[in-house]
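Encoded as structure tokens, the structure appears first; notes follow it.
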Amino acid sequence: MFHFGGHMGADRIDPRFVAGTVLKRDVFSETVDGYFSDAPDEKLVLRRLEDVPGWARPIAQFLARREIRGLQAVQGIEGVPVLIDANRAGILRVWSAGTPLNLAKPATAEWYRDARRLLREMRRRGVTHNDIAKPQNWLMTPEGRAAVIDFQLASVHRRRGLMFRLMAREDLRHLVKQKGRYAPELLTPSERKILALKSLPTRVWLATGKRLYNFVTRRLMNWSDSEGAENRIALEGETLRAQLMGEGVREVVLMPFALPSKGVGVYAFVEGPVATPLPAPDLTQEVRALPRINGRVAEDLLSLVALNRMDELAQMLERHPDLADQMAPIVAGRLNLTDRQLRRG
């Protein structure tokens, strides 16, 4: 592994790092926020690699090397993560402040111009991101500027040949797709042409790569990209609630979430002591008190916890600051730490 600055670092996490909340966990890494003990005001993010299972370690290290190379190559560009340290134990960077694109939904030309500037500067360094089709990887900063995160699939090209040009064009095409989704009235004629014509890598991916991706993620890693085929809560909810409403239980709330490889999972929030009924929900979290607004359970907040959509939850709690203390232990004890998307319909 690389150490930031080009030197080999000790294969351990900086002892000054104080871990906070787990943001995401999958078979390849665990992402947690935190800070240095001697600088508590600067928020950091650590992608922890030391606890990856042995069978997944080669892939995890491969992805980590790509991320480190990509981050090192783009340091100094406004809008990319600031890398602090990297070794076999993890990748440490400064927190990128901002709102994910799917929440910010920028409707002015300024943000998209700045996003193109960011891609242009990355291209000058020979870097393609390769994963900006995900709106979660784009941010709108508090200043209204563009930022991009998650460089696990990034490529650093020594030569500016055909493959580099094709991949750079794909980055641009995916940015234009985001613009078409959130601000279609701002699309220029040339951008509409970009959207109308899929590039060669896209056509090859749809014909071959996506099949391999689906096999690896769905069969080998137990991921799913098309959850939501049936409403399990409608079918099983009454039975599950009855089983969970044991002695001392005041309320049970059931929420759907993306269950790996099996469609829709059921996440139960139980206000009171949890017994062990069978069959049980896929995830059951005992909570001391459910959040309530005007006496009614705030199910929209619980839904975001079940889906592990912490950015959206933080924004909602800004509108309901009185619920922050109630939600804190629920968030800390949440059981779904993946970023898999639940797709309805």
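Filter region 284-334 down to residues that are in contact (Cβ under 8 Å) with a residue 60 or more places away in the chain, under 24 Å from Val274 (Cα atoms) and surrounded by fewer than 17 Cβ atoms within 10 Å (Cβ to Cβ), then give me how many there are. Lay out the reasoning, then the answer.
So in region 284-334, the residues in contact (Cβ under 8 Å) with a residue 60 or more places away in the chain come out as 308, 310-312, 315, 330-332.
Keeping just the survivors that are under 24 Å from Val274 (Cα atoms) gives 308, 330-332.
Right, trim to surrounded by fewer than 17 Cβ atoms within 10 Å (Cβ to Cβ) and you get 332.
Number of matching residues: 1.
None of Ile59, Ile77, Ile68 is within 30 Å of Glu185 (Cβ to Cβ) and outside the structural domain of Val176 (by TED's automatic domain parsing) except Ile77. Kindly indicate whether Phe215 is modelled with pLDDT under 60 and more than 21 Å from the chain's Cα centre (by Cα). Here the answer is yes, as Phe215 does meet what is asked. Being touching a Gly at 6+ places or on another chain (Cβ under 9 Å) and modelled with pLDDT of 90 or more is a description that does not apply to Val297.
The number of residues in region 167-205 that are surrounded by fewer than 17 Cβ atoms within 10 Å (Cβ to Cβ), assigned to a helix (DSSP H, G or I), at pLDDT 90 or above and of a type in the set (A, V, I, L, M) comes to 1.
The combined condition, being small (Gly, Ala, Ser) and more than 26 Å from Leu197 (Cα to Cα), is fulfilled by Ala86.
In region 65-106, how many residues are out of contact with any Pro (no Cβ under 8 Å at 6 or more places or on another chain) and within 11 Å of Met140 (Cβ to Cβ)? Write out each step before concluding.
Within region 65-106, the first condition is being out of contact with any Pro (no Cβ under 8 Å at 6 or more places or on another chain), and the residues that meet it are 65-70, 72-92, 95, 99, 103-106.
Then keep just the ones that are within 11 Å of Met140 (Cβ to Cβ); that gives 79, 99, 103-106.
Of the residues in region 65-106, 6 are out of contact with any Pro (no Cβ under 8 Å at 6 or more places or on another chain) and within 11 Å of Met140 (Cβ to Cβ).
Looking across region 294-315, the residues that are at negative phi, in contact with an Asp or Glu (Cβ under 9 Å, 6 or more places away or on another chain) and not in a helix (DSSP H, G or I) come down to Val297, Arg309. Condition test on Pro106, is it crowded, with 21+ Cβ neighbours inside 10 Å and either in the same structural domain as Pro53 (by TED's automatic domain parsing) or of a type in the set (Ser, Thr, Tyr) (or both)? Here the answer is no, as Pro106 does not meet what is asked. All conditions in (1) modelled with pLDDT under 75; (2) in a helix (DSSP H, G or I); (3) surrounded by 16 or more Cβ atoms within 10 Å (Cβ to Cβ) hold for Gly237, with the sole exception of (1). For the criterion of being modelled with pLDDT of 85 or more, surrounded by 15 or more Cβ atoms within 10 Å (Cβ to Cβ) and not hydroxyl-bearing (Ser, Thr, Tyr), Val264 fails. Checking region 26-47 against the condition returns no match, with no residue being of a type in the set (S, T, N, Q), outside the structural domain of Leu307 (by TED's automatic domain parsing), within 18 Å of Leu83 (Cβ to Cβ) and part of a helix (DSSP H, G or I).
The values are calculated or read from the model by the stated rules, or taken from the named source; none is laboratory data. The structure presented is a predicted model; accordingly, all values stated were derived computationally and were not measured. Note that we place each Cβ from the backbone using ideal geometry, even for glycine, and neighbour counts take in every protein chain shown.
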